[in-house]
Amino acid sequence: MNLKNLLFSALAASLVGGAACAQAPIVIKFSHVVASDTPKGKAAERFKELAEKNTNGRVKVELYPNSTLYKDKEELEALQLGAVQMLAPSLAKFGPLGVKEFEVFDLPFIFPSKEVLYQVTEGPVGKSLLQKLEPKGIIGLAYWDNGFKVMSANKPLHKPADFRGMKMRIQSSKVLDAQMRALGANPQVLAFSEVYQALQTGVVDGTENPPSNMYTQKMHEVQKHVTVSNHGYLGYAVIVNKKFWDNLPADIRKQLEAAMKTSTSYANAIADQENSRAMDAIRKSGKTTIYQLTAPEQAEWRKALLPVQTDMEGRIGKDLIASIRKLSSASGK
Ligand code: LMR
């Protein structure tokens, strides 16, 4: 290369470098604990696609599914420290952070239908709950649905008495702890990423989750029985680090809000179908017997679990629980 060409390439490289520097994208690290092929995983992918498109590449969203970056508890600490910018933890995860009111979502049989659930998450109750995260340095952007939970174990779970003495994995939630105790089980808190192995090795006997999580973590391969109990709910809050969010250029924030709105509608639209698809896949695998509770069994489960709603009033707030009960009565369910 002669001197003229050398100078030219050096100049070109510095111009390219300078341009790349001036246009360095804003990176959003979005960490979560479930598989990509779940309602949350798919909605996160949709958000990435829309956020990057809406901002013409000024924002880059890096997705870290399946606890590749952080496990349950570490995730929230990382967000507060600004090591990741966005998460979508299950609502149960906010209790240990000190925002106990979120455990209302864990109460057994609190939502008679998705209709009532959406009245809560899309209405004033949901909004005021998200606002409680701000003093923790967190902004809540949206709720993403997953679904109602099933119970699983290596023995049939038809009646509350079948739970007696069983070690059941739960998320770290006082309400879920009380729920399992009300069934006579022995609750064990474990990170989501550890559940499969704990079931496989017998560290715990059983667990609860919506079918989409059960199937994508292959839990059905180490659980011989699943009971479709729909006894509780699992959903998420999409959250961001407040400082990061507040410092974004206003136009970018607006485009990201629009991307979040569309991906939220998408998440909520696919949740039920993804869970039915997972249930079919579990059935087809032939590894697990799926049991549908009869009406008298359902009544027994309700009798055992409904007192948890009242027992938890002191922790979660009587008025909050009452406001959801009111929506349920108004819906006629
Ligand atoms: C669990 O820990 O069971 C769930 O919260 C996992 C998830 O994020 O769906």
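Laboratory data are not the source of any read-out in this text; all were calculated from the coordinates shown. The shown structure was predicted, so the numbers you read here are calculated from the model rather than taken from an experiment. Ideal geometry is used to build each Cβ from the backbone, glycine not excepted, and the neighbour counts take in all protein chains shown.
Details
- For the Cα trace of segment 42-129, dividing Rg by the Kirkwood Rh returns an Rg/Rh value of 1.02.
- Between 0 and 90 degrees, the angle of helix 295-311 with respect to the longest Cα principal axis of the chain falls at about 70 degrees.
- Rounded if a/c under 1.5, otherwise prolate or oblate - segment 90-143, Cα gyration tensor axes: oblate
- Per-residue ellipticity at 222 nm, computed for the chain from helices alone with -39500 (n - 2.57) per DSSP H run of at least four residues, works out to -15000 deg cm²/dmol.
- Translational D in µm²/s for the chain (Stokes-Einstein at 37 °C, 0.692 mPa s, Kirkwood Rh from C-alpha pairs): 155 µm²/s
- Model label points for A269 and E49, set 7 angstrom from Cα along the Cα-to-Cβ axis, are 1.1 nm apart.
- Antiparallel content of DSSP bridges confined to the chain, in %, to 5: 50 percent
- The C-alpha atoms of segment 261-333 occupy a region whose extents along the principal axes are 43, 40, 26 Å, arranged from largest to smallest.
- Taking only the Cα atoms of segment 180-265, the ratio Rg/Rh comes out at 1.15, with Rh defined as the Kirkwood radius.
- With θ taken as phi - 60° and the Karplus curve 6.51 cos²θ - 1.76 cosθ + 1.60 applied, the whole-hertz 3J(HN,Hα) list for segment 317-326 is x, 4, 5, 4, 5, 4, 5, 6, 4, 5 Hz, x standing for glycine and proline.
- Across segment 13-146, Cα pairs under 8 Å and at least six residues apart give a relative contact order of 22 percent.
- Cα centroid separation - segment 104-153 against segment 210-248, whole Å: 12 Å
- Magnitude of the charge dipole, the chain, Cβ model with Lys/Arg +1 and Asp/Glu -1, debye to 20: 60 debye
- Taking 0.36 nm per residue of separation and subtracting the Cα-Cα distance, full extension of the segment from K71 to K224 would add 52.4 nm.
- Globularity ratio of segment 205-333, using Cα Rg and 2.2 N^0.38 Å: 1.40
- Dipole moment magnitude, nearest 20 debye, segment 42-194 about Cα centre, only Lys, Arg, Asp, Glu C-beta charged: 300 debye
- For the chain, the relative contact order comes to 25 percent (Cα pairs under 8 Å, sequence separation of at least 6).
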